[in-house]
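Quick notes on the structure that follows.
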Amino acid sequence: MRAGEALRGMNPRDVLRVPEELSARVPVEARGGGLDRDGVRLLVSGRDGVSHHAFRDLPELLRAGDVLVVNTSRTLPAAVDGRLGAEPVVVHFSTRADDGRWSVEVRRPDGRGTTWRRTGDLTWAVVALPGGLRLVLEGPVDPAGDRLWWA
């Protein structure tokens with residue numbers, strides 16, 4: 001079986017679910033606790049299953065012929081406060097499509113500096129942004145999802 005064939009046709013959300021409390025929402029340096037960048041968690045998948053390590057373990061884990069997948073996508077430093085009706089929200093801008101629309105994530109601030117995923121159908125919802133701007137959420141990027149929206 002070629003790489004990727006086992007996952008073809010599957011929704012990535014069904015393959016890997018990260019509990020909210022384990023999701024890294026801010027860089028390790030900003031989280032406190034004295035953890036260095038090389039101490040962040042590393043998930044390793046191999047013939048014997050999945051194991052958990054720290055990133056600093058990577059040199060000892062790699063063997064000749066291994067495949068290393070590196071995510072080099074960048075997160076835009078674009079989190080904008082807004083309002084969805086009376087509800088305060090934070091909009092994270094992700095990717096600009098060729099047609100000019102943006103892929104965005106709408107999150108709920110918790111008042112302590114963290115934001116949480118905002119769930120539910122937001123089709124055609126309007127987010128009021130600073131400066132009198134409006135962001136219209138046209139529909140989900142993934143028709144089966146409610147995390148990323150075209151705006």
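The values are calculated or read from the model by the stated rules, or taken from the named source; none is laboratory data. Everything quoted here is computed from the prediction, not taken from an experiment. All Cβ positions, glycine included, derive from the backbone under ideal geometry; neighbour counts span all protein chains shown. All accessible areas refer to the heavy atoms of the entire protein, side chains included, with ligands and DNA or RNA removed. Shrake-Rupley method; radii C 1.70, N 1.55, O 1.52, S 1.80 Å.
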Calculated FRET value between residue 129 and residue 97, using beta carbons and R₀ = 25 Å, to 0.05 = 0.85
If every Lys and Arg gets +1 and every Asp and Glu gets -1 at its Cβ, then about the Cα centre segment 40-151 yields a dipole, in debye to the nearest 20, of 280 debye
Reported to two decimal places, what Rg/Rh ratio describes segment 52-151 when computed on Cα atoms with Rh from the Kirkwood expression?
-> 1.12
Accessible surface of residue 70 - all protein chains present, 1.4 Å probe, nearest 10 Å² | 100 Å²
Extension length gain for residue 79 and residue 52 (0.36 nm per residue less Cα distance), in nm, is 6.7 nm
